[in-house]
Every structure is written in C-alpha cells, then in structure tokens.
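Colleague: Have a look at this one before I ask anything.
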2 protein chains.
Amino acid sequence: MNDIVSPTAQDLRDARNEVGRDEEHNLIASNKVEGTAVYRPDGEKIGRIHHLMVGKTTGQVEYAIMSFGGFLGMGKELRPVPWEALDYDPEMGGYIVSAEEDTLRNSPYLREDIEPTWDRAYGMHVFGYWGVPY
Amino acid sequence: MNDIVSPTAQDLRDARNEVGRDEEHNLIASNKVEGTAVYRPDGEKIGRIHHLMVGKTTGQVEYAIMSFGGFLGMGKELRPVPWEALDYDPEMGGYIVSAEEDTLRNSPYLREDIEPTWDRAYGMHVFGYWGVPY
C-alpha cells in the first residue's frame, strides 16, 4: 500500500475523475448514450436509455427515455425519467436510478400512438412523480 | 458552458424564460437531433448534426458534432461546434450557424483514428476557435 510507484496514466485519470472537475467535462456521445445500461444502487441492471429529450435551444437534457425491457414485468414501454433522477456511475459505466420497485413499476410511460406534448403540465406530472423539482 | 457546476432548477427556468414561453419546453429527441439540418443565416444549408456530446453528469450538451458534407469543399470530416454557436430556428426546423466561410472551412475537425480527450484544454481550443467562452 505504501509502495512508492509512479502513477499510471489510468491512475491519473482516476484521480482527475475523483476531483470532479474533469468529470464535469466527461462527455458521452448522444448516439452512445442511446443503449447505455441503467442500474439500481445494488448493481442490478434494470434497463437501458433509449434516447434523450433535449431542450432545442438550451441543449439541456430534460428526460432520459428508458426501456425497462421486462424488469419487474414492466414490458417494453418507453418511460420518461427526469435526467436529475439518474446518477452517472463511472465504475459501472452506466446510470443509477434509486427508486423502489413500485415507483419503477408505476412510473409514467409513453403511449405508442400519442407523442406527449412535453409541456409544463407534462413535465410537472413526470418530474413530480419522480420527486424531482420541475 | 461556463459553469463548472450542474445548472440549478432556477438556471434552467432562467434559460427557458430567455427563449420564450412557447419555446421553453420545446424538446427534441436525441435520435432526431442526429440528422437535423444546419443552415447559415441566409438559409443556405451547410450540413447536418451527426451527434451531440453531452455531459455525462450534467446532461448539458457541450458540442454538436457536425458534418458539413462537402460544403465549401470541406469533406466529410466531423467537426465539433460549441452548442452555443448554434441557434435553433423554429421556422427552419433546424439550427443556424453564423460564421464566415473561412471560419467554417478552417474549423477544428475530428480525426478518424483518434478520439479527442474532450478535456478542458480541448474545450478551450474548440470553444476559443468559435469565439464562445468555455
């Protein structure tokens, strides 16, 4: 443990990531986010990000549209999850959602035949469900 | 992207207010941004957004990765353009980049064989080129 060795490039990257500053600029391509795994805090994989909903002008991601793909028998509906309800975990290489099973199971989902309006009322509904201020 | 902290809910509201009530919740799916046309202010189409580079934790789009697809003889290189250098135009249904031809032609591009580090130095280089604070 106390051996004096030169840090490897990976060590330096890890150290930088711990600082947070570089994590701030840790970027991912939108076409790679699409498909990124989402886990519960215990490491259980619960689904994937299907795509993101992004402010056309702000460039701020508001929702990750997730597929839970059968987890808890939820079916393949796409479900909008507020971006702030996801925590990126560098070790997992994916996102963590901390939510009870019932919360996941009963979460709002998209109907195949109707695109949401994505307006304030919809945002307050979805963000409110997930306990995130809108 | 001057901030090195995640935007607060108030920041987001402010940003939304700046862009006007109708546009504020105007969202676009990441997998639809990919392919969205980009124009010059005179309406000339100059290329398309290939994908976005998004902060893994912040959810803030930092770069639109554009293909100019032959405009001004630029070839098919992908070029990172700061998000703030693009203005969404609802009438065009696309984004506007206001830049001189030389600026476009000489803009930084991605090498096929080397992924950029996307770190602060790279950000300052690219944002600096485009005259956008990083």
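Colleague: Would you please name the residue that is modelled with the lowest pLDDT, looking only at residues in the stretch A:81-102 that are touching an Asp or Glu at 6+ places or on another chain (Cβ under 8 Å) and farther than 18 Å from residue A:50 by Cα?
Modeller: Top of the filtered list is A:90.
Colleague: If we scan the stretch B:99-108, do we find a residue that is within 30 Å of residue A:86 (Cα to Cα) and either facing chain A (nearest Cβ under 10 Å) or buried (at least 19 other Cβ atoms within 10 Å of the Cβ) (or both)?
Modeller: The answer is no, given that none of the residues of the stretch B:99-108 is within 30 Å of residue A:86 (Cα to Cα) and either facing chain A (nearest Cβ under 10 Å) or buried (at least 19 other Cβ atoms within 10 Å of the Cβ) (or both).
Colleague: Consider only pairs whose beta carbons are under 6 Å apart and that are at least six residues apart or on different chains; among these, list those whose first residue lies in the stretch A:41-69 and is under 17 Å from residue B:95 (Cβ atoms) and whose second residue is open to solvent by 30 Å² or more (accessible area, probe 1.4 Å) and aromatic (Phe, Trp, Tyr).
Modeller: Listed pairs, sorted by first residue: A:56/B:88; A:57/B:88.
Colleague: Assess whether residue A:21 counts as being charged (D, E, K, R), under 19 Å from residue B:59 (Cβ atoms) and modelled with pLDDT of 95 or more.
Modeller: No.
Colleague: Looking at the stretch A:22-47 only, could you name the residues that are open to solvent by 20 Å² or more (accessible area, probe 1.4 Å) and of a type in the set (A, V, I, L, M)?
Modeller: A:28
Colleague: Looking only at residues in the stretch B:61-83 that are charged (D, E, K, R) and buried (at least 19 other Cβ atoms within 10 Å of the Cβ), which one is farthest from the other protein chains (Cβ to nearest Cβ)?
Modeller: B:79
Colleague: Next up: Just name the residue that is farthest from the other protein chains (Cβ to nearest Cβ) out of those in the stretch A:48-60 that are under 10 Å from the mean Cα position of the chain (by Cα) and open to solvent by less than 10 Å² (accessible area, probe 1.4 Å).
Modeller: A:49
The values are calculated or read from the model by the stated rules, or taken from the named source; none is laboratory data. Just so it is clear, the structure is predicted and the values come from calculations on it, not from any experiment. Ideal geometry is used to build each Cβ from the backbone, glycine not excepted, and the neighbour counts take in all protein chains shown. Each accessible area value is taken on the protein alone, full model and side chains, heavy atoms only, with ligands, DNA and RNA left out. Shrake-Rupley method; radii C 1.70, N 1.55, O 1.52, S 1.80 Å.
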